[in-house]
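Report on the structure given below.
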Amino acid sequence: MEALKKLIREVPDYPKPGILFYDITTLLKDGSGFRAVIDGLKDHYRGARVDAVLGIEARGFIFAPALAYALGVGFVPVRKPGKLPAGRVSVTYSLEYGADSLEMHRDAVAPGARVLIVDDLLATGGTAAAVARMVENVGGIVAGIGFVVELTFLGGRAKLPACEVFSLLQYDK
């Protein structure tokens, strides 16, 4: 996994001074690195009872469909408001300064379906916790939540105590 970290560009002072941004676009353009990410996620979830992989807009859309394909299950997109054409359910959650919302089709997760939630980054955990609540509100079961990168120093796992959380890469600072 250290080899994968070398493929991630660190951008200081983005998006504001004092923030170190972990840019995964440099990992994505590396074919063997991208393959290693999908294979690492697939290896972790191989054998898990999963009916669908749910990806959170926007960067979750990069990893979740590829993982769904590798696991032989369907993909469910979770989008920003106003992007889905049929009946939707939504969740609103707090951000550092304000609130945000996400939506999925009402019929995307059947009652009792086991769903794996996938996103690129676990930071404070608010987005993933909100999506897990949305899945549970329609009767789905969160089978796990997977991330490519986890910023452990932000404590996002604490917002996901009832979920199995997995991350391929962890940064302590």
query = Restricting to strands (runs of 3 or more DSSP E) lying wholly in segment 37-153: which have 1 or more residues that are under 14 Å from the mean Cα position of the chain (by Cα)?
reply = 52-56, 74-78, 98-105, 114-122, 141-151
ask   = Would a scan of segment 40-59 turn up a residue that is surrounded by 15 or more Cβ atoms within 10 Å (Cβ to Cβ) and free of Cβ contacts under 8 Å to residues at least 24 places away in the same chain?
value = no
Top-ranked residue in segment 151-161 [being surrounded by fewer than 22 Cβ atoms within 10 Å (Cβ to Cβ) and in contact with a helix residue (DSSP H, G or I) (Cβ under 8 Å, 6 or more places away or on another chain); ranked as farthest from Asp107 (Cα to Cα)] = Lys159
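Each value in this text was obtained by applying a stated rule to the coordinates, not by laboratory testing. Bear in mind the structure is a predicted one, so any value in this text is a computation, not a measurement. Because the Cβ atoms are built from the backbone with ideal geometry, glycine has one as well, and the counts that use them run over all protein chains shown.
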